[in-house]
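The values are calculated or read from the model by the stated rules, or taken from the named source; none is laboratory data. Computed from a prediction, not measured in an experiment: that's the story for all the values here. No Cβ is skipped: glycine too gets one built from the backbone with ideal geometry, and neighbour counts run over all protein chains shown. Accessible surface areas use protein heavy atoms only, side chains included; no ligands, DNA or RNA. Shrake-Rupley method; radii C 1.70, N 1.55, O 1.52, S 1.80 Å.
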Amino acid sequence: MSRSTRWMLSLAMPVFAVPVLAMLVLAPPAGAHDVECDFDQDYLAKRMQQAAARHGGRLDAATGTAIWKLRNGETVTVASGGCVHYGSTVSLVYAPGATAPSREVAIERLLAAVSKYWQPAAARRLQAALRTGAYETQTLDDGSVELIGSLDPGPGFSFEYRLLLSKHEARISWEEA
């Protein structure tokens, strides 16, 4: 299985992989009491609770994912955390039966969701990276399009973002410094 396929499967949110993401990335593995995490897990959990409380969302206790059901039938989810690497995923799932917007509109609305429900600074950073056009575009078997680009936080670091545009959702995942 290719690296890209593994990445997509591990981050396919929110329908089937939120529990997988929570287990693999957000939650320490079984026996983690023997493993020291680089990040304060209690702080990260509290941060997700606070994020969910903003704008009338809720926290899925099983996965640690913040969820907002919007009046127009769409759903926004935010998952964030890590033990060795810290990352975030924001997803905008379109209303059932809705037609996906154009690529430009989908990206604009997704970044607006990142800004409102998670971090305005991250949304600006992602938007700036996308504006450069320096990303790889892949068309997946199901017709979805994935944009893969670099978020370069400085010398010696190279973080990546992945933006998925499908007929059902727009989702972006990124590593943070």
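Among residues of segment 25-48 that are at pLDDT 75 or above, those with a Cβ under 8 angstrom from a residue that is assigned to a helix (DSSP H, G or I) and among the hydrophobic types (A, V, I, L, M, F, W, C), sequence gap 6+ or separate chain, pair up as Leu44/Leu26.
Give segment 125-146 a look and list any residue that's open to solvent by 30 Å² or more (accessible area, probe 1.4 Å) and within 12 Å of Ala170 (Cα to Cα), or say none.
So in segment 125-146, the residues open to solvent by 30 Å² or more (accessible area, probe 1.4 Å) come out as 125, 127-128, 131-143, 145.
The one that is open to solvent by 30 Å² or more (accessible area, probe 1.4 Å) and within 12 Å of Ala170 (Cα to Cα): Val145.
When you check Glu160 against the structure, is it surrounded by fewer than 18 Cβ atoms within 10 Å (Cβ to Cβ), closer than 21 Å to Ala52 by Cα and in contact with a Phe, Trp or Tyr (Cβ under 8 Å, 6 or more places away or on another chain), yes or no? It is false that Glu160 is surrounded by fewer than 18 Cβ atoms within 10 Å (Cβ to Cβ), closer than 21 Å to Ala52 by Cα and in contact with a Phe, Trp or Tyr (Cβ under 8 Å, 6 or more places away or on another chain).
Here is a yes/no grid of residues against (1) among the hydrophobic types (A, V, I, L, M, F, W, C); (2) under 14 Å from Ser166 (Cβ atoms); (3) in contact (Cβ under 8 Å) with a residue 24 or more places away in the chain; (4) in contact with a helix residue (DSSP H, G or I) (Cβ under 6 Å, 6 or more places away or on another chain):
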site	(1), (2), (3), (4)
Ser80	no, no, yes, no
Val84	yes, no, yes, no
Gly87	no, no, yes, no
Val90	yes, no, yes, yes
Val93	yes, yes, yes, no
Gly97	no, no, no, no
Glu104	no, no, no, no
Ala113	yes, no, yes, no
Tyr117	no, no, yes, no
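In this structure, is Thr75 more than 13 Å from Trp118 (Cβ to Cβ), modelled with pLDDT under 95 and not aromatic (Phe, Trp, Tyr)? Criteria not met by Thr75.
Have a look at Arg171, Arg162 and point out the one that is closer than 30 Å to Glu36 by Cβ, touching a Ser or Thr at 6+ places or on another chain (Cβ under 8 Å) and of a type in the set (D, E, K, R). Spell out how you get there, then give the answer.
Values: Arg171 fails: closer than 30 Å to Glu36 by Cβ.
Criteria check complete, one pass: Arg162.
Among what's in segment 67-124 and is among the β-branched types (Val, Ile, Thr) and in a helix (DSSP H, G or I), pick the residue that is surrounded by the fewest Cβ atoms within 10 Å (Cβ to Cβ). If we take residues in segment 67-124 being among the β-branched types (Val, Ile, Thr) and in a helix (DSSP H, G or I), then Val105 is surrounded by the fewest Cβ atoms within 10 Å (Cβ to Cβ).
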